[in-house]
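Below: one structure in structure tokens.
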Amino acid sequence: MAYVNQAFVEHLASVHQQARHVVPHSMSCAFLDGALQLLFPSLSERSFSSRLEIERSLIQLQEDLERILIRIQERLPGEPGALAADFFEALPQLQRQLMDDAAAIEAGDPAAVNVDEVIRTYPGFFAVAVYRLAHQFCQMGVPLLPRVLSAYAHTRTGIDIHPGAQIGARFCIDHGTGVVIGQTAVIGNDVKIYQGVTLGALSVDKAMANIKRHPTIEDSVVIYAGATILGGNTVVGRRSIIGGNVWLTESVPPYARVYHRPQIKVSYYDDPVDILNFSI
């Protein structure tokens with residue numbers, strides 16, 4: 001018969017009792033998926049055939065959210081029911097923002113067939129959609145839940161957007177894998193970024209927790225793949241272009257063109273024998 005360490009059992013029991021207000025991951029992600037499927041038919045796993053069905057689904061989702069918030073009631077800035085109602089009051093505006101995001105992605109990507117395809121298949125759109133919902137919770141002062149939602153999006157897409165970041169209208173992430181946007185980043189309108197872009201901090205000193213540590217990206221900036229932009233005082237001026245693999249820790253003015261010029265050596269062989277045996 002298996003032996004159970006009773007002291008360890010007591011320890012785990014105590015830990016779980018103290019953690020009774022944890023936001024349930026499965027409930028939170030189920031709520032998120034349900035909200036996105038209701039907002040966007042392209043994502044929905046069911047067909048809503050009537051106005052009444054949609055109304056019932058909205059009521060059910062609001063009740064689901066209230067149940068989630070009840071679990072963390074002691075840490076909330078208000079009553080769970082009132083906060084859930086406030087979130088759903090903001091939902092129409094959030095949907096309009098996200099439709100603008102999807103349209104911006106479709107307009108800027110020659111491979112995109114239409115907006116529905118963007119909504120259904122583009123990881124960049126999914127990550128931004130989750131960010132906008134999570135950011136709304138942040139603005140309402142709801143603890144932990146925004147990070148649970150953003151972590152879910154990170155798992156699904158490989159894109160890590162802190163829900164505290166401030167991101168303007170018509171935001172476009174193309175491809176997206178490896179994108180990191182830090183908590184205090186500020187991004188203007190009509191910004192487009194590619195895969196592997198980092199908007200990060202120059203230092204991870206804990207003493208900097210309550211100050212701006214991440215860069216400001218002004219309107220209509222394009223940031224190409226692999227670029228790293230660091231620092232709370234770093235500002236990329238409007239309509240600038242940041243080239244691929246640039247490492248930037250200082251501000252650049254509007255209309256700037258910043259690029260990295262690599263040194264590449266190309267060798268040629270008369271005979272391709274043993275071409276795979278090379279040295280670096």
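No value in this document is a laboratory result; all are computed from the given coordinates. All values derive from a computational prediction rather than experimental measurement. All Cβ positions, glycine included, derive from the backbone under ideal geometry; neighbour counts span all protein chains shown.
Let me have the relative contact order for region 165-280, percent, based on Cα pairs under 8 Å that are six or more residues apart.
On the way: 299 pairs, mean separation 21.3, N = 116.
Dividing the mean separation by the residue count of region 165-280 yields 18 percent.
Along the positive direction of the dipole of region 116-275 (beta-carbon charges: Lys, Arg +1; Asp, Glu -1; about the Cα centre), which of Thr249, Val148, Ala225 reaches farthest?
It is Val148, whose Cα lies furthest towards the positive end.
When a/c reaches 1.5 or more, the comparison of a/b and b/c decides; with that in mind, is region 165-280 rounded, prolate or oblate per its Cα gyration tensor? Walk me through the intermediate numbers first.
Details: a/c = 2.52, a/b = 1.99, b/c = 1.26.
Prolate, because a/c is 1.5 or more and a/b exceeds b/c.
Quick one: angle between helix 80-108 and the longest Cα principal axis of the chain, in degrees between 0 and 90, rounded to 10, please.
20
Based on the Cβ-Cβ distance of Ile211 and Ala2, what FRET efficiency does E = 1/(1 + (r/R0)^6) give at R0 = 45 Å, to the nearest 0.05?
Numbers: r = 52 Å, r/R0 = 1.15.
Given R0 = 45 Å and the Cβ-Cβ separation, E is 0.30.
Now a separate question. Evaluate the charge dipole of region 165-280 about its Cα centre and quote only its size in Debye, nearest 20, assuming +1 on the Cβ of each Lys and Arg and -1 on the Cβ of each Asp and Glu. Write down the numbers at each step before the final one.
Numbers: 10 positive and 9 negative charges, 110 e Å.
It works out to roughly 520 debye.
In addition: Can you give me the Cα centroid spacing of region 222-254 and region 91-121 in angstrom?
25
Can you list the chymotrypsin sites (Phe, Trp or Tyr not before Pro) in region 1-86 that are in a DSSP coil and have 14 or fewer other beta carbons within 10 angstrom?
On the way: sites: Tyr3, Phe8, Phe31, Phe48; in loops: Tyr3, Phe48.
Qualifying residues, ordered by number: Tyr3.
Classify region 121-172 as rounded, prolate or oblate, taking a ≥ b ≥ c as the square roots of the eigenvalues of its Cα gyration tensor: rounded when a/c is under 1.5, otherwise prolate if a/b is larger than b/c and oblate if not.
Cα axes put region 121-172 in the oblate bin.
Quick one: helix 6-18 against the long Cα principal axis of the chain, what's the angle to the nearest 10°, folded into 0 to 90?
The angle comes out near 90 degrees.
Let me have the relative contact order for the chain, percent, based on Cα pairs under 8 Å that are six or more residues apart. Intermediate values should be presented prior to the final figure.
Values: 507 pairs, mean separation 27.8, N = 280.
Normalised by residue count, the contact order of the chain is 10 percent.
Follow-up question, since we're still on this one. Any chance you could list the semi-axes, whole Å, largest first, of the equivalent ellipsoid that the Cα gyration tensor gives for region 9-95, using √(5λ)? Show your work: numbers first, answer last.
Numbers: eigenvalues 184, 50, 19 Å².
After scaling each eigenvalue by five and taking roots: 30, 16, 10 Å.
Moving to a separate point now. So how compact is region 63-171: Cα radius of gyration and Dmax in angstrom?
Calculated on Cα positions, Rg and Dmax stand at 14.9, 49 Å.
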